[in-house]
Amino acid sequence: MNKTLIASILAGFGVLAAQASAADAELNLYSARHYQTDEALYSSFTKQTGIKINRIEAKEDELLERIRNEGANSPADIFITVDASRLAKADELGIFAPVKSKVLEERIPAHLRTENWYSYSTRARVIVYNKDSVKADDVQTYESLATPALKGKVCSRSGSHPYNISLGAALVKHNGAEATETWARNVVANFARAPKGGDTDQIKAVAAGECGVTIANTYYLARLMNSDKVEDKAVVAKIGTVWPNQKTWGTHINVSGAGMLKNAPNKGAAVKFLEYLASDEAQAYFANGNNEWPVVASVKVSNSALDTLGKFKADNLPVGELANTAAEAQKIYDRAGFR
Ligand code: FE
């Protein structure tokens, strides 16, 4: 090998090394999740690693559309969002790259991660009932919402919302497609009104006596419970909460999660960020930002509403598996008229 060739190879390495360090000095985050604590979450990462975070915040579908349009030239390193069926949808589009990380494998329980994306917080989908018109004993399971005794008493947000699709996907897994379809038909037959609004609207309708029972994510409940507003306190006073399916497969849980993108220009920084999100400090910020629970078992957060709700048995179905039956759940809801 002559001297010039060696020199040019060395120069080549130098260029590559320079590019790698320049590339990993920044991180481009596409986020469909935005909470007050995010600022602290991200600035702490920058302080620890020197990696600057550029954040693009938009609605889930807009971000996915953008990532697809940008294709191989996409600057996006990380996609972060809520809901397992949304993460699964993103995964189906083939936008993620698998990440092998000992830190993530050790800290995040196996059922809360997939090859391509990781969960960082959990929320539960619980039953909320009006204490004057419904007995807790009558609404102990998701299945119970289909019983004739609740005719005209059930309120729900749309059946095409990801939270209900993820729940439907879990029901298909546990009870089978046929039983889930019968269940969906009977729940629809029990509706007090056509589905409208979000989870908080359902909780308020239950408190107002417009309906007797609904299902809602725990963080909406916690938000009301932690609120100082008189009207929110009045809502909380009227309602009771049930951890569904404690004697069977456990309460359905959903997640917030993130993954590294296939075309990420800063893969080194992206892995560091995914690992940072599983650190004790980040876990606390991440969970507290939306009244959720950390996924790392050793991390404890103190949230008076979640403490009041207490402990429960969660469904341990792998979140990645919800993706397999999500499309089926949507079809079942459509056939059952749960729109
Ligand atoms: Fe939500």
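Would you compute, from DSSP H runs of 4+ residues alone, the mean residue ellipticity of the chain at 222 nm, taking -39500 (n - 2.57) per run and dividing by the full residue count, rounded to the nearest 500?
That comes out to -14000 deg cm²/dmol.
Once the whole set of protein chains is in place, how much accessible area is left on Lys52, using a 1.4 Å probe, in Å² to the nearest 10?
110
What dipole magnitude, in Debye to the nearest 20, does the chain give about its Cα centre under +1 on Lys/Arg Cβ and -1 on Asp/Glu Cβ?
Roughly 280 debye, rounded to the nearest 20.
For region 193-235, taking Cα atoms only, what is the radius of gyration to one decimal and the Dmax to the nearest whole Å?
10.2, 31
Would you be so kind as to identify which of Tyr285, Ser304, Ile332 lies farthest towards the positive end of the dipole of region 276-339, taking Lys and Arg as +1 and Asp and Glu as -1 on Cβ and the Cα centre as origin?
Value: Ile332.
Just how much of Thr241 is accessible, in Å², when a 1.4 Å probe is used and the result is rounded to the nearest 10?
Looks like 60 Å² after rounding.
With just the Cα atoms of the chain, tell me how far they stretch along each of the three principal axes, in Å, largest first.
Result, largest extent first: 88, 42, 32 Å.
Using a 1.4 angstrom probe on the protein heavy atoms only, could you order His252, His161, His174, His34 from most to least accessible area?
Per-residue accessible area, sorted high to low, gives His34, His174, His161, His252.
About its Cα centre, how strong a charge dipole does region 19-172 have in debye, to the nearest 20, once Lys and Arg get +1 and Asp and Glu get -1 at the Cβ?
The dipole of region 19-172 has a size of about 400 debye.
How big is the charge dipole of region 177-259 about its Cα centre, in debye rounded to the nearest 20, if each Lys and Arg gets +1 on its Cβ and each Asp and Glu gets -1 on its Cβ?
The dipole magnitude comes to about 120 debye.
What does the extension gain come out to for Lys135 and Glu57, with contour length at 0.36 nm per residue minus their alpha carbon separation?
23.8 nm
To the nearest Å, what is the center-to-center distance of region 247-316 and region 103-169, using C-alpha atoms only?
One Cα centre to the other: 17 Å.
Taking only C-alpha pairs under 8 Å that are 6+ residues apart, what is the relative contact order of region 73-125 in percent? List each step's numbers first, then the result.
Numbers: 20 pairs, mean separation 14.9, N = 53.
For region 73-125, the relative contact order is 28 percent.
Based on the Cβ-Cβ distance of Gln48 and Phe312, what FRET efficiency does E = 1/(1 + (r/R0)^6) give at R0 = 56 Å, to the nearest 0.05?
In this case the efficiency is close to 0.95.
Any idea what diffusion coefficient region 98-200 gets from Stokes-Einstein, in µm²/s, Kirkwood Rh on alpha carbon pairs, 25 °C, 0.890 mPa s?
Roughly 154 µm²/s, to the nearest whole number.
When a/c is below 1.5 the answer is rounded, else prolate if a/b is larger than b/c, else oblate, so apply that to region 161-288 with a ≥ b ≥ c taken from the square roots of the Cα gyration tensor eigenvalues. Don't skip to the answer; put the middle values down first.
Details: a/c = 2.42, a/b = 1.41, b/c = 1.71.
Oblate shape, in that a/c is at least 1.5 and b/c is the bigger or equal ratio.
Towards the positive end of the charge dipole of region 20-119, with charges on Cβ (+1 Lys, Arg; -1 Asp, Glu), say which of Leu87, Ile51, Asn73 has the farthest Cα.
Selected residue: Ile51.
Counting only Cα atoms, I'd like the Rg/Rh figure for region 53-108, Kirkwood definition for Rh.
Rg/Rh: 0.98.
Please report the accessible area of Ile332 (heavy atoms, 1.4 Å probe, ligands and nucleic acids excluded) in Å², nearest 10.
Accessible area of Ile332: about 0 Å².
Tell me the per residue accessible area of the chain using a 1.4 Å probe; a whole number in Å² is fine.
Here the per-residue accessible area is 45 Å².
Report, in order of residue number, the helices in the chain meeting two criteria: a C-alpha extent of 24 Å or more along the helix axis, and a mean Kyte-Doolittle hydropathy of at least 0.0; treat each whole DSSP H run as one helix. Could the numbers behind the result be given before it?
Numbers: long enough: 3-23 (30 Å, 1.40); 319-336 (25 Å, -0.38).
Span-like helices in the chain: 3-23.
The values are calculated or read from the model by the stated rules, or taken from the named source; none is laboratory data. Predicted model only: the values in this text are computed from it and were never measured. Don't worry about glycine lacking a Cβ; one is built from the backbone with ideal geometry, like all the others, and counts go over all protein chains shown. Protein only, heavy atoms only, side chains kept; ligands, DNA and RNA dropped before computing areas. Shrake-Rupley method; radii C 1.70, N 1.55, O 1.52, S 1.80 Å.
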